[in-house]
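In what follows, a single structure is set out as structure tokens and then discussed.
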Amino acid sequence: ALVSRQSGDHDAARLQCAESLRLAREAGDWRLEVIERTSMADLRWEMGEHDGAARDLGELLDALRLRPASDFEVIDVLSTRVAILGEGGRADDAAAVAREAIPVMRRMPRFRLEAYAQLLWKLGQPESAARVMGALAAREREGREQRLINEARIARATLTGLRAMLPPERLAEELALGEGLGDADLCALLAESLAAPSGRATATTSTTSST
């Protein structure tokens, strides 16, 4: 399905995702089913079906509460839903999902950052968003992160939005500070930012990496 998506053949990709999901269910492999359902939602998101994709992931999260999977799969579902809701203009709903994601992040520090940078930008916290983008840039430079289709799009939009909100010098400073953040620092930054009642907290988390 990935090759079809990269070539823009979304109809073929949808059929391939559906077949992969069918095979996972037929095999009784719950972990693989979770992965395939997440992939299908990711494809729907790419096709602009934000509400449907978010709904699919909401149903999957409900199922995961009854039939758990590993934290690796859970954080992927949560982060993808944060990204979809955020891009779809539902920042408050995205923030609620992000708060649910933070404890999982602390247990399983292999989570993508684009969704959370986008969310903080849309919540009016450009400094915090810029730090998350800085951390993402450091991961990419070190070969620890590869941009996917949807994540690349929202990362570009977030950076464009931050350039409109922050003076160039301030943006560069916050991006540089973010490059020094470790996984625990990022979790603390997100928890602090999402706890702010006004949604406009200033980034104050330590820039010393904990990794």
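The values are calculated or read from the model by the stated rules, or taken from the named source; none is laboratory data. A quick note: this is a predicted structure, and the numbers were derived from the prediction, not measured. All Cβ positions, glycine included, derive from the backbone under ideal geometry; neighbour counts span all protein chains shown.
(1) buried (at least 17 other Cβ atoms within 10 Å of the Cβ); (2) assigned to a loop (DSSP other than H, G, I, E, B); (3) at pLDDT 95 or above: which one isn't true of residue 187, the others all being true?
(2)
It is to be established whether one or more residues within segment 76-88 are within 21 Å of residue 188 (Cβ to Cβ) and either of a type in the set (S, T, N, Q) or touching a Cys at 6+ places or on another chain (Cβ under 6 Å) (or both).
yes
Condition first: in contact with a helix residue (DSSP H, G or I) (Cβ under 7 Å, 6 or more places away or on another chain) and within 14 Å of residue 113 (Cβ to Cβ). Now tell me which residues in segment 135-156 satisfy that.
To start, the set of residues in segment 135-156 that are in contact with a helix residue (DSSP H, G or I) (Cβ under 7 Å, 6 or more places away or on another chain) comprises 135-138, 145, 147, 149-151, 154-155.
Once the filter is applied, which keeps residues that are in contact with a helix residue (DSSP H, G or I) (Cβ under 7 Å, 6 or more places away or on another chain) and within 14 Å of residue 113 (Cβ to Cβ), segment 135-156 yields 135, 136, 137, 138, 145, 147, 150, 151, 154, 155.
Could you name every one of the helices (runs of 4 or more DSSP H) located completely within segment 1-95 that has at least 2 residues being free of Cβ contacts under 8 Å to residues at least 24 places away in the same chain?
2-6, 10-27, 30-46, 50-66
Would you call residue 129 within 17 Å of the chain's Cα centre (by Cα), crowded, with 24+ Cβ neighbours inside 10 Å and farther than 18 Å from residue 91 by Cβ?
Against the criterion (within 17 Å of the chain's Cα centre (by Cα), crowded, with 24+ Cβ neighbours inside 10 Å and farther than 18 Å from residue 91 by Cβ), residue 129 does not qualify.
Failed condition for residue 175, given (1) farther than 18 Å from residue 191 by Cβ; (2) under 17 Å from the mean Cα position of the chain (by Cα); (3) among the hydrophobic types (A, V, I, L, M, F, W, C), with all others met?
(2)
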